[in-house]
1. Could you list all residues from region 62-81 that are buried (at least 18 other Cβ atoms within 10 Å of the Cβ) and at pLDDT 95 or above?
2. Give me the pairs: first residue in region 57-81 and at positive phi, second residue in a helix (DSSP H, G or I), beta-carbon distance under 8 Å, and six or more apart or on different chains, which are they?
3. Just wondering, is there one or more residues in region 100-113 that are touching a Phe, Trp or Tyr at 6+ places or on another chain (Cβ under 9 Å), free of Cβ contacts under 8 Å to residues at least 40 places away in the same chain and buried (at least 18 other Cβ atoms within 10 Å of the Cβ)?
4. Being of a type outside the set (D, E, K, R), within 16 Å of the chain's Cα centre (by Cα) and at pLDDT 50 or above: is that true of Ser50 here?
5. Answer with yes or no whether Ser45 is of a type outside the set (D, E, K, R), under 14 Å from the mean Cα position of the chain (by Cα) and surrounded by fewer than 14 Cβ atoms within 10 Å (Cβ to Cβ).
6. Quickly run through region 82-98 and pick out the residues that are crowded, with 20+ Cβ neighbours inside 10 Å and touching a residue at least 60 places away in the same chain (Cβ under 8 Å).
7. For region 75-90, give me each residue that is more than 12 Å from the chain's Cα centre (by Cα) and not in a loop (DSSP other than H, G, I, E, B).
8. Which of (1) in contact with a Leu (Cβ under 7 Å, 6 or more places away or on another chain); (2) surrounded by 11 or more Cβ atoms within 10 Å (Cβ to Cβ); (3) part of a helix (DSSP H, G or I) is the odd one out, the single condition Leu28 does not satisfy?
Amino acid sequence: MNESQKPETSGMPPATLASVATKTSKDLTSAERGALERLIKHAKSDTGQSRRVADFLLAWWNAGTCGSFDLTTLWGVDTEIAMDMVAVFGLVARVNQYPDSLGYEADFKSIVSAWRPELVE
């Protein structure tokens, strides 16, 4: 890839850059795992930010069924939560896997039950 083909990365958090740069490993880094697990904890709560976090996570789980995620929703979450979302976005881009294949199926089913009860069989 020549210089003109490289994606713009200025301003990206170092953890996100590292995540994208090491795309060959499918293992979660401790930073990615921590960010994902904090977001799961938020999504299992019952606050305004919890719904936003749940929407973000469920767009990864199944955007067609659970709904997509409007990026402007980031404006309504605390900075720490937004940074965790950025880290998980990098994780999703890097591992090319759904959360259930990473060991989080039960957590995501719980989030679906809480925020999308109409989808529970």
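The values are calculated or read from the model by the stated rules, or taken from the named source; none is laboratory data. This structure is a prediction, so every number in the text was calculated from the model and none was measured. Here the Cβ positions follow ideal geometry from the backbone for every residue, glycine too, while neighbour counts run over all protein chains shown.
1. In the first step, residues of region 62-81 are kept if they are buried (at least 18 other Cβ atoms within 10 Å of the Cβ); the result is 66, 69, 77, 81.
Scanning region 62-81 gives Val77, Ile81.
2. Gly67/Asp55; Gly67/Leu58; Gly67/Ala59
3. No: region 100-113 contains no residue that is touching a Phe, Trp or Tyr at 6+ places or on another chain (Cβ under 9 Å), free of Cβ contacts under 8 Å to residues at least 40 places away in the same chain and buried (at least 18 other Cβ atoms within 10 Å of the Cβ).
4. yes
5. Values: of a type outside the set (D, E, K, R): yes; under 14 Å from the mean Cα position of the chain (by Cα): no; surrounded by fewer than 14 Cβ atoms within 10 Å (Cβ to Cβ): yes.
Judged against the criteria, Ser45 is not a match.
6. Within region 82-98, Ala87, Gly90, Leu91, Arg94 qualify.
7. The first filter runs over region 75-90 and keeps only residues more than 12 Å from the chain's Cα centre (by Cα), leaving 75-80.
Trp75, Gly76, Thr79, Glu80, listed by residue number.
8. (3)
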